[in-house]
Amino acid sequence: MKLKQIKFVLAALTATTFFAGCSSDNSNDNGTPTTPELKTEVNLSTSATLGSYLTDKSGRSLYVFATDANGQVSCTGGCEALWPAFVVDNLTADKLGSGLTLTDFGTVTTASGKKQVTYKGWPLYYYAPVSGDDGYGNGGKNVPEAAGKTTGDGVGGTWFIAKPDYSVMLVRSQLLGHDGKNYKSDYTVGDGLTTYFTDAKGLTLYTFKNDNFNKNNFTKADFSNNAVWPIYETDKIVVPSILDKSKFAVITVFGKSQLTYNGWPLYYFGQDASVRGSNKGISFPAPAVWPVPVKDSPIAI
């Protein structure tokens, strides 16, 4: 074989080896090109009892806290060890699992300066319950909840698994009327926290004392007064686990679906202006005419 032919053969073999090596880096065993999968930071998992709920990239459950009524982190001090903040740097759409939308997420700065991730305005947390003595005389320690566990749901009646489809949520907050006065749960003036219902984004819901069982007596047929007390329009009943789902129902009000609880139709207050944590309606036009719904609200008649 001539020298020129030998050089040609060697060059061909080198090229073949090079491209074969490149192909093996980007193909599966069958030679089909593959695309590396992105590790998503937030995903949806499913439980037979809880339905769909949010988890991190390791499958650890995420939770919300009822006292974060205005969207700010209220779990501080020793609470942070038990309920560590869920923090992700630069959360983008490609870091979300199927069924999740980036516009539902945001961040809020904690007291310690962390950028805690929020979902529909709710700061997200892990659960790290205290374990027993470690056998070396060190007492209990906070141990992060294992992947696939949901034992934090319902703790203290204020901690709930983060779900994508709640139609009702619970907040625990001070009632502050449109008159600027603080009210207690019995609608007398004073300081005290009340645990009441909101929608999925933490907007306060109300009932009307002049309504009857599953009967809206306020809204006009042409909805001309709906801006004052807008009906809570939904046909979904997805509620925190500590609430009895059977006490909720959906009624039809002049062609629109309105959610009820214990027979009380649920409304928003227009002057709350869709501001999370606002509950001005509790004193308009007078205290207790439009009370907030609570777990032990009496059955309407």
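The values are calculated or read from the model by the stated rules, or taken from the named source; none is laboratory data. Quick caveat, the model's predicted, so the values are computed rather than measured. Don't worry about glycine lacking a Cβ; one is built from the backbone with ideal geometry, like all the others, and counts go over all protein chains shown. Quick note on the areas: whole protein, heavy atoms, side chains included, nothing else; ligands and nucleic acids left out. Shrake-Rupley method; radii C 1.70, N 1.55, O 1.52, S 1.80 Å.
Tell me the residue from T118, T151 that is of a type in the set (S, T, N, Q), under 19 Å from the mean Cα position of the chain (by Cα), at pLDDT 95 or above and surrounded by 15 or more Cβ atoms within 10 Å (Cβ to Cβ), please.
Exactly one residue qualifies, and that residue is T118.
Only one of these conditions is not met by V143: (1) at pLDDT 95 or above; (2) in contact with a Pro (Cβ under 9 Å, 6 or more places away or on another chain); (3) open to solvent by 40 Å² or more (accessible area, probe 1.4 Å). Which number is it?
(1)
Of V250, V294, which residue is open to solvent by 10 Å² or more (accessible area, probe 1.4 Å), among the aliphatic types (A, V, I, L, M), under 30 Å from A48 (Cβ atoms) and not in a loop (DSSP other than H, G, I, E, B)?
The match here is V250.
Inspect the range 222-242 for any residue being over 18 Å from the mean Cα position of the chain (by Cα), farther than 27 Å from V64 by Cα and not in a loop (DSSP other than H, G, I, E, B) and give the result as yes or no.
The answer is no; no qualifying residue exists.
Regarding N226, is this residue surrounded by fewer than 19 Cβ atoms within 10 Å (Cβ to Cβ) and over 21 Å from G121 (Cα atoms)?
no
Looking at G106, G71, which one is at positive phi and either open to solvent by less than 30 Å² (accessible area, probe 1.4 Å) or modelled with pLDDT of 95 or more (or both)?
G71
Among the residues of the range 41-68, count how many are open to solvent by less than 10 Å² (accessible area, probe 1.4 Å) and in a loop (DSSP other than H, G, I, E, B).
Of the residues in that region, 3 qualify.
Does the range 84-100 hold any residues that are within 27 Å of P129 (Cα to Cα), outside any strand (DSSP E or B) and open to solvent by 60 Å² or more (accessible area, probe 1.4 Å), and which are they?
Matches in the range 84-100: D89 only.
Based on this model, can you work out whether L266 counts as closer than 13 Å to V168 by Cα and surrounded by 13 or more Cβ atoms within 10 Å (Cβ to Cβ)? Before the answer, list the steps.
Details: closer than 13 Å to V168 by Cα: yes; surrounded by 13 or more Cβ atoms within 10 Å (Cβ to Cβ): yes.
So L266 passes the test.
Okay, residues lined up against (1) more than 18 Å from the chain's Cα centre (by Cα); (2) among the polar types (S, T, N, Q); (3) farther than 25 Å from V275 by Cβ:
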| position | (1), (2), (3) |
| --- | --- |
| T67 | no, yes, no |
| A128 | yes, no, yes |
| N142 | yes, yes, yes |
| I161 | no, no, yes |
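Within the range 251-260, is even one residue over 15 Å from L205 (Cα atoms) and in contact with a Leu (Cβ under 9 Å, 6 or more places away or on another chain)?
Yes, the conditions are met somewhere in the range 251-260.
Is it the case that G140 is assigned to a loop (DSSP other than H, G, I, E, B), in contact with a Gly (Cβ under 8 Å, 6 or more places away or on another chain) and within 14 Å of L54 (Cα to Cα)?
On the way: assigned to a loop (DSSP other than H, G, I, E, B): yes; in contact with a Gly (Cβ under 8 Å, 6 or more places away or on another chain): yes; within 14 Å of L54 (Cα to Cα): no.
No.
Mind counting the residues in the range 273-284 that are touching a His at 6+ places or on another chain (Cβ under 9 Å) and either surrounded by fewer than 19 Cβ atoms within 10 Å (Cβ to Cβ) or in a loop (DSSP other than H, G, I, E, B) (or both)?
Total satisfying the criteria: 1.
Looking at the range 121-139, which of its residues are at pLDDT 95 or above and either exposed (fewer than 10 other Cβ atoms within 10 Å of the Cβ) or acidic (D, E) (or both)?
none
Taking only the range 153-187 into account, find how many residues are of a type outside the set (D, E), assigned to a loop (DSSP other than H, G, I, E, B) and without any contact (Cβ under 8 Å) to a residue 12 or more places away in the chain.
Total satisfying the criteria: 2.
Tell me whether the range 240-247 contains one or more residues that are touching a Leu at 6+ places or on another chain (Cβ under 8 Å) and open to solvent by 70 Å² or more (accessible area, probe 1.4 Å).
No, the conditions are met nowhere in the range 240-247.
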